[in-house]
Amino acid sequence: MNLLRDKIPEYLYDKKNLISLVILTAVFALVFINIYKPFSSESWYNVSQIKFFLFSSLIILTGVLVVVISRIVMYRRTRSHTITYGMYYLWILCEIAAMSAFYTGYTLYLDPHKDFLTTFKMSTINTSLVLLLPYSALWLYFSWKDKVHKLELLVENEIQNKNEIISFYDDKGEFRVSLKRENLLYIESADNYVLIWYLNKGKVSKYMLRNTMKNMEEIFAETSIFRCHRSFMVNFDQVKMIRREKNGVFLQMDIDAVPDIPISKTYGEKAGSWLLKYSS
């Protein structure tokens with residue numbers, strides 16, 4: 001039961017992965033309907049095989065619009081809400097039901113004498129195959145790809161720890177900048193970018209990088225650079241004081257040009273554990 005309440009992994013609603021899912025589902029549906037002819041599709045049109053392919057492809061792609069609309073809604077929802085495994089499974093069931101209803105309605109439109117329940121049952125079975133097979137294959141692929149990416153981050157992190165040099169990459173994996181760990185001050189979120197604040201010849205400078213705080217958090221896991229707020233990550237080696245005020249707890253650095261960094265309640269426990277670890 002706890003698994004159903006857990007948040008789904010980010011790769012399931014990543015924009016690029018969602019596009020791949022829609023495309024593969026559409027291609028699989030086209031192949032599936034023209035080879036196995038489900039939904040009583042052989043009776044849709046009394047035409048040649050070529051025309052049947054063209055007409056049936058148009059109908060199948062119309063049905064796949066259910067997936068397109070569904071995944072657009074999912075992508076937008078994940079930007080402000082959490083989707084659990086339970087919600088995700090229910091979401092897929094709704095996609096199957098909606099697409100089954102579409103194909104059932106179309107089949108009955110062409111042949112009103114067919115029984116509704118029988119037609120809907122067969123449409124549900126066939127739609128489940130059309131959606132669940134590519135969904136399952138892509139889930140495994142995305143999971144494998146995510147594990148490979150995390151392994152690469154761990155290797156990169158170990159190399160960085162040994163060399164005390166931090167390398168930053170954009171959201172496409174392209175190298176952008178590197179600097180000494182001791183010069184990094186903090187990282188600030190800026191919509192689809194992060195601002196990297198660092199010391200350059202004694203002066204505070206910043207570098208704008210197209211990436212997310214989530215990726216930054218994964219890259220610097222198990223280091224002295226940790227997330228203390230939704231919008232901030234700090235290099236604890238640069239923190240000189242922790243100050244509690246009426247409006248919250250703040251990290252202070254011994255540099256006048258650097259503002260105090262807040263510690264939010266969400267990350268307070270994690271920040272506290274890091275403070276104990278590095279103060280001992």
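Every read-out reported here was derived from the displayed coordinates using simple, explicitly stated rules and does not represent laboratory data. Just so it is clear, the structure is predicted and the values come from calculations on it, not from any experiment. Please note: Cβ atoms are built from the backbone with ideal geometry, for glycine as well, and neighbour counts cover all protein chains shown.
Some observations on this one:
- Taking amide hydrogens as placed 1.01 Å from N in the peptide plane, the amide H of residue 185 sits under 5 Å from those of 197, 198, 199, each at least 5 positions away in sequence or on another chain.
- Sites residue 14 and residue 241 - FRET efficiency at Förster radius 45 Å, r taken between beta-carbons, to 0.05: 0.70
- Using the Cβ-Cβ distance between residue 266 and residue 129 with R0 = 41 Å, the FRET efficiency computed as 1/(1 + (r/R0)^6) comes to roughly 0.45.
- Spin-label model, residue 195 to residue 148: label points 7 Å out along the Cα-to-beta-carbon direction sit 3.6 nm apart.
- Karplus-derived HN-Hα couplings along the stretch 67-75 (A = 6.51, B = -1.76, C = 1.60, θ = phi - 60°), whole Hz, x at Gly and Pro: 5, 4, 5, 4, 6, 5, 4, 4, 4
- Computed log₁₀ I(q)/I(0) - Debye formula, equal Cα scatterers, no solvent, the stretch 2-151, q 0.09, 0.11, 0.18 Å⁻¹: -0.32, -0.47, -1.06
- In loop segments of the stretch 205-255 as defined by DSSP, the GluC sites (Glu not before Pro) with at most 12 further C-beta atoms inside 10 Å of their C-beta are 222.
- Taking Cβ atoms as reference points and 13 Å as the exclusive limit, the residues near residue 196 contribute a net charge of +3, counting Lys and Arg as +1 and Asp and Glu as -1.
- Built amide H within the under 5 Å cut-off of residue 225, gap 5+: 236
- The overall shape of the stretch 164-279, judged from the alpha-carbon gyration tensor, is prolate: a/c is not under 1.5, and a/b is greater than b/c.
- Cβ-defined net charge surrounding residue 84, 9 Å radius [Lys, Arg +1; Asp, Glu -1]: +1
- Counting Lys and Arg as +1 and Asp and Glu as -1 over every other residue whose Cβ lies under 12 Å from the Cβ of residue 74, the net charge comes to +3.
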